[in-house]
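Asks: One structure is given below, represented as structure tokens, and several questions about it will come after.
The values are calculated or read from the model by the stated rules, or taken from the named source; none is laboratory data. Since we're looking at a predicted model, the values are computed, not measured. Here the Cβ positions follow ideal geometry from the backbone for every residue, glycine too, while neighbour counts run over all protein chains shown.
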Amino acid sequence: GGGGGPRPTKTNQGTREPLAEREPHSRRAARRARAPPQASRSQSASPPAGEPLAEREPPSRRAARRAFDIAETHGENTSMNPLDASQLIQVTADNVSKTGFFCYMSKKKSEGYQRKLQWLEARFAEGLRIKMLQLPERGFIEYIPGEHAWRAVHADGYLFIHCLWVVGKSKGKGHAAALLESCMQDAERMGLRGVAMVCSEKVWMCSRRILEKHGFTCVDTAQELGRTGQAPNRQKVEETGQVPNRQKVEETGQVPNRQKVEETGQVPNRQKVEETGQVPNRQKVFSLMVKHTPEAQSAASALPLPRFAGGWEEKARLCGEGLTVLRSEQCPYIVDATQTAVDTAAKLGVRCQVVDLQSRDELMQRSPSPYGVFGLVHNGELLSYHYLLEKELLPLLSQAREL
């Protein structure tokens, strides 16, 4: 039939206007150049780089390795107003059996979930609080008065954060900032000095840079890991006074951390290594972060600051020969992590013992790392404070057997 205007023209791309009425190519190209770039579907759907699909760790274990870690929050809106009560689920002793505690929500009958649930019953009486985002948002924070913290720290007079975790599509919306602010407000209401948390640049814990972005400062640092942390072999340094990779320096003329040397003109001080057994500029794994309340801020310099318990090497040495798994019930993923360690040791015929840390006092006395609630120690050396897969633990134990 008739009609006003030209008829649409069919093409392989579908119905569109005739060429004469379409936007000129040059103008369309200029407009596209001004538009913000958009990620393609193929990019967003592609699997993460790394191991082949068949060798990648299962989702449950991958989640475990990220537990107690605030997921990457690039571009987070730190100026977002704090969440109000209607946007948070307040988990208490009265409702935890119904609400859960964020982790292992699909595995409520598992041993790990049930152990954590029993652990919480005692902790709620000590002032522990858990706040979760309302669905569909996903994230939570867990904190407790510092004198009851299940980390190897002295933090009396502060609220201490065990966990801060924001995941998936909830990242980048200011939820981490809001959860931290909610904790800080509780500290102010309770008349405490502020909030503290242990950070690590490894896994299972919040990154220091995240808390620095939210106004926290570092008041203490702690040691490198053992073999998994790829730290220089301190015993070798003490025996020889030689910085690791010296042979490479002699062969190539390239000093370790050459970029830093070129920037500062300072070569690592060998005399200091010989005197102390400590290699200069060794990165610390753990940072103890603190943010004071406004009332305490003015007097912060005169207040006793939180500090790590210390004595890590001696505590590891006291574990003795073989593999020692130190664990608590604070994290539901620890059951699986323990079983993996026990099974791996059995494969190699390595003697293994499991030590249950049943109180904060015991944790403070025995834990060989600030993380406190889990640790793998082999022949008196800390291997890891976090979950290790069998393929990660096997070479570490095998290497020790060959020495």
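Asks: Of everything in the stretch 187-208, what is among the basic types (Lys, Arg), surrounded by fewer than 23 Cβ atoms within 10 Å (Cβ to Cβ) and farther than 14 Å from residue 284 by Cα? Give them in sequence order.
Replies: If the condition is that a residue be among the basic types (Lys, Arg), surrounded by fewer than 23 Cβ atoms within 10 Å (Cβ to Cβ) and farther than 14 Å from residue 284 by Cα, then 189 is the only one that fits.
Asks: Further, regarding this structure: Tell me the helices (runs of 4 or more DSSP H) entirely within the stretch 301-390 that contain at least 2 residues that are in contact (Cβ under 8 Å) with a residue 12 or more places away in the chain and crowded, with 23+ Cβ neighbours inside 10 Å.
Replies: Qualifying helices (runs of 4 or more DSSP H): 334-348.
Asks: Let me spell it out: the conditions are (1) modelled with pLDDT under 85; (2) assigned to a strand (DSSP E or B), and residue 287 meets all of them except one. Which number is the exception?
Replies: For residue 287, the exception is condition (1).
Asks: Report every pair of residues separated by at least 6 positions or lying on different chains whose Cβ atoms are under 6 Å apart, first residue within the stretch 131-148 and without any contact (Cβ under 8 Å) to a residue 12 or more places away in the chain and on the phi < 0 side of the Ramachandran plot, second surrounded by fewer than 22 Cβ atoms within 10 Å (Cβ to Cβ) and among the acidic types (Asp, Glu).
Replies: Here the result reads 147/156, each pair linking the stretch 131-148 to a residue that is surrounded by fewer than 22 Cβ atoms within 10 Å (Cβ to Cβ) and among the acidic types (Asp, Glu).
Asks: While we're looking at this one, here's another question. Assess whether residue 127 counts as being modelled with pLDDT under 95 and small (Gly, Ala, Ser).
Replies: Against the criterion (modelled with pLDDT under 95 and small (Gly, Ala, Ser)), residue 127 does not qualify.
Asks: Another question, then. In this structure, does residue 81 turn out to be exposed (fewer than 11 other Cβ atoms within 10 Å of the Cβ), of a type in the set (S, T, N, Q) and modelled with pLDDT under 90?
Replies: Against the criterion (exposed (fewer than 11 other Cβ atoms within 10 Å of the Cβ), of a type in the set (S, T, N, Q) and modelled with pLDDT under 90), residue 81 qualifies.
Each row is one residue, and each column tells you yes or no for (1) surrounded by fewer than 24 Cβ atoms within 10 Å (Cβ to Cβ); (2) in a loop (DSSP other than H, G, I, E, B).
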site	(1), (2)
131	yes, no
135	yes, yes
144	yes, no
150	no, yes
159	no, no
173	yes, yes
180	no, no
185	yes, no
